[in-house]
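Below: the structure, in structure tokens.
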Amino acid sequence: MKSTDIEKRELSKYIELFDFDAYLNNKTILITGSKGLVGTGLVKWILFQNQIKGTNTKILASTRKPHDLPNYIEESDNIRYVEYGTEISIDEKIDYIVHAASPTGNKYHMQHPVETFKTNVDGMEMMLDIAEKNNGCSMIYLSSEEIYGLPADDSPAMTENMFGAIDSLNLRSCYPLGKKASEFLCHASADEYGIDVKIIRPTVIHGLFQRYEEPRVVNELLRCLVENKDFIMKSDGLTKKCMMYSLDAISAIFTVLFKGEKGEAYNASNPETFITVRNLAKHLVETFNPSIKVVFETGTATKADGFLPHRTIVQDCSKLMSLGWKPYGSLDHIYEIDLERFKG
């Protein structure tokens, strides 16, 4: 695998912090959504660990375009790309499944609410079927903190057994409702059929491995810092939640996959990054590029932008931390890494 110096530095650090060798040695792992932020991180972690630790993990990387190989893949890498569609054709034993495939982006959700919901639920059914056919296979489903809906403003940190309201008549709810329905399928399949499937609920994931052009507010902030342009806020920026470094997310996924209890859900977040979008923008501008400004154009957002209502949510991660995991990437570190990547 071709790796940048930044990737080698960061991956080496995390591979030493989290010793997953025994779980990955000579195993085969199926990863859906393998070209997304999380999928790319998983693939690069495993391939780099193969290189430096000799773990010989084989990756079956599921994607809608299996013949379009990422430019970091080399012929010697222990990876095979398979097509993700209404079914996945695999003729070998699978030890682990990481189901990370899902439509992303507010605008896509608003333009294709039916497809967003059905892709999540139908894909979940397909992956559970593959897991059931591979006796002894362990699986993890990447859900989202959005399944908590709109908790009350005075809610404490959200534990896995808490929940808030989700408006079923709001088109943007296609994403959290699809995730919530998929969680039910996981939990019910573990109970009824004994499938070893776990659920992880990550907060916003950012940093190493993301695409520069990703259509998210945290990426727009990054682009403004890099391109020396003012950050335009269409909303009041009062939604408040946490952010999570990409490698913290990958280590959390592996931790739950290898050590979690089947049928259970686990929060994954970094409470130390709890901040409003407004204050995040101000902090990043002051810290990394004070020559630009945060400009408020409140009232210019349209329904098509797909903004969620004001949400104030912080997740309680004690359940995940009891498995031996903790986050390491600070808010500043997340952006320091990306500024190093994209400013060159």
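Within the range 32-48, residues that are without any contact (Cβ under 8 Å) to a residue 24 or more places away in the chain sit with their Cβ atoms under 7 Å from residues that are buried (at least 23 other Cβ atoms within 10 Å of the Cβ) and part of a loop (DSSP other than H, G, I, E, B), at 6+ positions apart or across chains, in these pairs: ILE46/THR57. Listed by position, the helices (runs of 4 or more DSSP H) enclosed by the range 195-290 that each have at least 3 residues that are over 27 Å from MET126 (Cα atoms) and open to solvent by 10 Å² or more (accessible area, probe 1.4 Å) are 217-227, 277-288.
Yes or no: LYS179 crowded, with 21+ Cβ neighbours inside 10 Å and within 22 Å of THR273 (Cβ to Cβ)? Break it down into steps so the answer makes sense when it comes.
Values: crowded, with 21+ Cβ neighbours inside 10 Å: yes; within 22 Å of THR273 (Cβ to Cβ): yes.
Yes: the conditions hold for LYS179.
Here GLU227 meets the list (1) modelled with pLDDT under 95; (2) more than 30 Å from ASP21 (Cα to Cα) almost entirely, failing just condition (1). Residues that are over 23 Å from LEU42 (Cα atoms) and among the aromatic types (Phe, Trp, Tyr) were ranked within the range 129-165; the one that is modelled with the lowest pLDDT is PHE163. Residues of the range 159-172 include at least one that is of a type in the set (D, E, K, R) and either in contact with a Cys (Cβ under 8 Å, 6 or more places away or on another chain) or surrounded by fewer than 17 Cβ atoms within 10 Å (Cβ to Cβ) (or both). Exactly one of these conditions fails for LYS93: (1) touching a strand residue (DSSP E or B) at 6+ places or on another chain (Cβ under 9 Å); (2) surrounded by 11 or more Cβ atoms within 10 Å (Cβ to Cβ); (3) free of Cβ contacts under 8 Å to residues at least 60 places away in the same chain. Give me its number. With (1) touching a strand residue (DSSP E or B) at 6+ places or on another chain (Cβ under 9 Å); (2) surrounded by 11 or more Cβ atoms within 10 Å (Cβ to Cβ); (3) free of Cβ contacts under 8 Å to residues at least 60 places away in the same chain applied to LYS93, the lone miss is (3).
Hey, can you tell me all the residues within the range 22-36 that are assigned to a helix (DSSP H, G or I) and touching a Ser or Thr at 6+ places or on another chain (Cβ under 6 Å)?
In the first step, residues of the range 22-36 are kept if they are assigned to a helix (DSSP H, G or I); the result is 22-24.
LEU24 - this is the single residue of the range 22-36 that is assigned to a helix (DSSP H, G or I) and touching a Ser or Thr at 6+ places or on another chain (Cβ under 6 Å).
Here is a yes/no grid of residues against (1) touching a helix residue (DSSP H, G or I) at 6+ places or on another chain (Cβ under 9 Å); (2) assigned to a loop (DSSP other than H, G, I, E, B); (3) open to solvent by less than 10 Å² (accessible area, probe 1.4 Å):
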position: THR55; (1), (2), (3): yes, yes, yes
position: ALA61; (1), (2), (3): yes, no, yes
position: TYR72; (1), (2), (3): yes, yes, no
position: GLU75; (1), (2), (3): no, yes, no
position: SER89; (1), (2), (3): no, yes, no
position: ILE97; (1), (2), (3): yes, no, yes
position: SER102; (1), (2), (3): yes, yes, no
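On the stretch given as the range 135-149, residues that are in contact (Cβ under 8 Å) with a residue 40 or more places away in the chain, farther than 12 Å from SER182 by Cβ and assigned to a loop (DSSP other than H, G, I, E, B) total 2. Of all residues in the range 267-324, exactly one satisfies the criterion of being among the aromatic types (Phe, Trp, Tyr) and either at pLDDT 95 or above or touching a helix residue (DSSP H, G or I) at 6+ places or on another chain (Cβ under 6 Å) (or both), namely PHE288.
If we keep just the residues of the range 226-266 that are hydrophobic (A, V, I, L, M, F, W, C) and over 18 Å from the mean Cα position of the chain (by Cα), which is farthest from PRO156 (Cα to Cα)?
Step one: list which residues in the range 226-266 are hydrophobic (A, V, I, L, M, F, W, C), which gives 226, 231-233, 238, 242-244, 247, 249-250, 252-254, 256-258, 265.
Among the residues that remain, those that are also over 18 Å from the mean Cα position of the chain (by Cα) are: 226, 231-233, 238.
On the way: VAL226: 36, PHE231: 31, ILE232: 31, MET233: 28, LEU238: 18 Å.
Checking each candidate, the answer is VAL226.
Residues in the range 1-43 that are of a type in the set (D, E, K, R) and open to solvent by less than 20 Å² (accessible area, probe 1.4 Å): GLU7, GLU10. Among the conditions (1) open to solvent by 30 Å² or more (accessible area, probe 1.4 Å); (2) more than 24 Å from LYS44 (Cβ to Cβ); (3) not charged (D, E, K, R), the only one that ALA190 does not satisfy is (1).
The values are calculated or read from the model by the stated rules, or taken from the named source; none is laboratory data. The structure displayed is predicted, hence computed values, not measured ones. Here Cβ is always computed from backbone atoms with ideal geometry, including for glycine, and neighbour counts include all displayed protein chains. Keep in mind that these areas ignore ligands, DNA and RNA; they rest on the heavy atoms of the full protein, side chains included. Shrake-Rupley method; radii C 1.70, N 1.55, O 1.52, S 1.80 Å.
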